[in-house]
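Note sheet for the following structure.
The values are calculated or read from the model by the stated rules, or taken from the named source; none is laboratory data. This one's a predicted model, so the numbers in the text were calculated from it and none came from an experiment. No Cβ is skipped: glycine too gets one built from the backbone with ideal geometry, and neighbour counts run over all protein chains shown. In case anyone asks, the SASA skips ligands and DNA or RNA and just uses the protein heavy atoms, side chains included. Shrake-Rupley method; radii C 1.70, N 1.55, O 1.52, S 1.80 Å.
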Amino acid sequence: MAEWPEGAPHPLLLIAELTYRCPLHCPYCSNPTDIGASKYTDELPAEDWQRVFREAADLGVLQLALTGGEPMARKEIVDLTRTATEAGLYSTLVTSALPFPKRRVEALHEAGLDHVQISFQHADPGLADEIGGTIAFDRKVKAAALARELDFPLTVNCVLHRRNIDAVDSIIDMAVELGARRLELANTQYHGWATVNRDALMPTRAQLERGEEAVKAARERLGASLEILWVLPDYYEELPKPCMGGWAQDAALVQPNGDVLPCQAAASIPDIAIDNVRDKSLREIWLESEMFNAFRGTDWMQEPCRSCPLGRQHDDHGGCRCQALALTGDAAATDPVCQFSPHHDTIVAARREADDPEPAEPAPFVYRDLIPQ
Amino acid sequence: MAFTRPKLATGVRLHRDKVREQDVLLFPEGALVLNETALEVLDLVDGERTLDDIAAVLSERYEGANVKDDVAELLDGIGERGLVVEADG
Ligand code: SF4
Ligand code: SF4
């Protein structure tokens, strides 16, 4: 194989979105809003996924997320997992646990699946099902028990927003009861369906502060027995986070049709060609595609990033490109979450709106759906 | 608190990263790069050997040097992250 270009990063993580089919309808889902479009329903054949997993391992990928949509909806999931194991990848099944049949899960265990992550929408069954738009809670509880029975390390994931963030305490208790080793409390990131539902999802500052207190107390109480991840929503920060560890630095995401992106929302950026693993190797795409090179490094930066007063260019990589695009119309602008951005007021305004103590009427959810387009 | 009979926690495994030419400990959503000493110790952690057994093997390898405290400290550090646990019984 040709030599690795000097200084080019090696990816650590491959996010394999195996399908956008999913029995749930979470209004915060980060999948694109046009998941029903024919380009996504033309799913990549299993053999291509298997080749991509091997190529990923050769590029230096260590962690593989088998996700979606609902990855269990792909009937070849066991074979795909086995290939990942053979390639030496550490595999995580990111699942809604619908479906989670015992036979299949045992087969996954045998195929070498390393880790199971199950999403929950709330600790209260009724509210959880209302948020997910499907009767699912009891089946998730059973699935978690099965995962533990088979001795999988279990992560419980709960995306937080206005309608469940006040329940952080009971969500933590639930994770303990389910035997989880990790709990991801991820405040909603405003991509995909979450953008459509931003007004209904964005918590108030007071809610966030209470949530953070609850997490702190629980960490003290539980120690190392449960690792709790708490990711603050960008909107309440003054400096951006490095999106995905920096554009095209650590991660690659493959969509159900084989399109390859540096992050979930990158397809929203217009006028950049998207390469597909049906036409090119993952290596070629990672190293040479227009998409991966568009914002790699720091040369593309504008002011204020170019002469950042804090010299943070290599820490936050200018923040999220997709958020910059969504809020300023320019994907190469400084992420408006940054206090130095001339567009920071858009963030401040969104916060103020969310902080309105009595919104006239709580905004209704627009549920994720596969509307054929 | 030193381990008596350590083992890797479920879902934690050693992996040779051929691309970066280093050894890593893989676990849910993470990787820890191991130096040579850590690798040597973790290679011996199997849920069967006691801390004393592990120290004895290494001591023999290094001409009788007393390594028990270092091994205990190293495993404690990794144990704090929940990656090494006490084997049952
Ligand atoms: S966020 Fe909800 S709707 Fe979206 S893929 Fe996950 S379970 Fe399905
Ligand atoms: S100006 Fe750019 S590099 Fe500096 S903190 Fe803001 S986003 Fe980061």
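Looking at region A:175-187, which of its residues are open to solvent by 10 Å² or more (accessible area, probe 1.4 Å), among the aliphatic types (A, V, I, L, M) and under 19 Å from residue A:28 (Cβ atoms)?
Of everything in region A:175-187, just one residue is open to solvent by 10 Å² or more (accessible area, probe 1.4 Å), among the aliphatic types (A, V, I, L, M) and under 19 Å from residue A:28 (Cβ atoms), namely A:186.
Which residues, taken from region A:175-226, are without any contact (Cβ under 8 Å) to a residue 12 or more places away in the chain, more than 14 Å from chain B (Cβ to nearest Cβ) and not small (Gly, Ala, Ser)?
Of everything in region A:175-226, those that are without any contact (Cβ under 8 Å) to a residue 12 or more places away in the chain, more than 14 Å from chain B (Cβ to nearest Cβ) and not small (Gly, Ala, Ser) turn out to be A:177, A:209, A:213, A:216, A:220, A:221.
With the condition kept exactly as written, say whether any residue in region A:349-363 is of a type in the set (A, V, I, L, M, F, W, C) and either modelled with pLDDT of 90 or more or within 16 Å of ligand 1 (Cβ to nearest atom) (or both). Steps first, please.
If we filter region A:349-363 for residues that are of a type in the set (A, V, I, L, M, F, W, C), which is where we start, we get A:349-350, A:354, A:360, A:363.
With the extra rule that they be either modelled with pLDDT of 90 or more or within 16 Å of ligand 1 (Cβ to nearest atom) (or both), the set shrinks to none.
No, every residue in region A:349-363 fails to be of a type in the set (A, V, I, L, M, F, W, C) and either modelled with pLDDT of 90 or more or within 16 Å of ligand 1 (Cβ to nearest atom) (or both).
Could you count how many residues in region A:309-342 are open to solvent by 30 Å² or more (accessible area, probe 1.4 Å) and within 10 Å of ligand 2 (Cβ to nearest atom)? Explain how you work it out, then say what you get.
Taking region A:309-342 first, the residues open to solvent by 30 Å² or more (accessible area, probe 1.4 Å) are A:309-315, A:317, A:325-330, A:339-340, A:342.
Checking which are within 10 Å of ligand 2 (Cβ to nearest atom) leaves us with A:309-315, A:317, A:339-340.
Result for region A:309-342: 10.
Please note which strands (runs of 3 or more DSSP E) are completely contained in region B:1-42 and include at least 3 residues that are facing another protein chain (nearest Cβ under 8 Å) and crowded, with 18+ Cβ neighbours inside 10 Å. Walk me through how you get there before you give the answer.
Numbers: elements: B:6-8, B:13-17, B:22-27, B:30-34.
Passing ranges, in order: B:22-27.
Quick check on region A:137-148. Is at least one of its residues within 14 Å of chain B (Cβ to nearest Cβ) and in contact with a Gly (Cβ under 8 Å, 6 or more places away or on another chain)? Don't jump to the end; show me each part of the working.
Step one: filter region A:137-148 for residues within 14 Å of chain B (Cβ to nearest Cβ), giving A:147-148.
Among the residues that remain, those that are also in contact with a Gly (Cβ under 8 Å, 6 or more places away or on another chain) are: A:148.
Yes, region A:137-148 has at least one match.
What residue, among those in region A:235-270 that are open to solvent by less than 40 Å² (accessible area, probe 1.4 Å) and under 28 Å from residue A:206 (Cβ atoms), is farthest from ligand 1 (Cβ to nearest atom)?
Looking at residues that are open to solvent by less than 40 Å² (accessible area, probe 1.4 Å) and under 28 Å from residue A:206 (Cβ atoms), I get A:240.
Mind checking which residues of region B:54-82 are in a helix (DSSP H, G or I) and charged (D, E, K, R)?
Filtering region B:54-82 down to residues in a helix (DSSP H, G or I) leaves B:54-61, B:68-80.
Those that are in a helix (DSSP H, G or I) and charged (D, E, K, R): B:60, B:61, B:68, B:69, B:70, B:73, B:76, B:80.
Pairs, please: C-beta under 9 Å, at least 6 apart or cross-chain, first residue free of Cβ contacts under 8 Å to residues at least 12 places away in the same chain and in region A:277-306, second part of a loop (DSSP other than H, G, I, E, B) and of a type in the set (Asp, Glu)?
A:284/A:275; A:288/A:275
If you take the residues of region A:62-91 that are buried (at least 24 other Cβ atoms within 10 Å of the Cβ) and within 14 Å of chain B (Cβ to nearest Cβ), which of them is nearest to ligand 2 (Cβ to nearest atom)?
It comes out as A:63.
How many residues are away from chain B (no Cβ under 14 Å), more than 24 Å from residue A:319 (Cα to Cα) and open to solvent by less than 10 Å² (accessible area, probe 1.4 Å) if we restrict to region A:156-174?
So the count comes out to 5.
Would it be correct to say that residue A:299 is more than 16 Å from ligand 1 (Cβ to nearest atom), in a loop (DSSP other than H, G, I, E, B) and touching a Pro at 6+ places or on another chain (Cβ under 8 Å)? Walk me through how you get there before you give the answer.
Working: more than 16 Å from ligand 1 (Cβ to nearest atom): yes; in a loop (DSSP other than H, G, I, E, B): yes; touching a Pro at 6+ places or on another chain (Cβ under 8 Å): no.
Here the answer is no, as residue A:299 does not meet what is asked.
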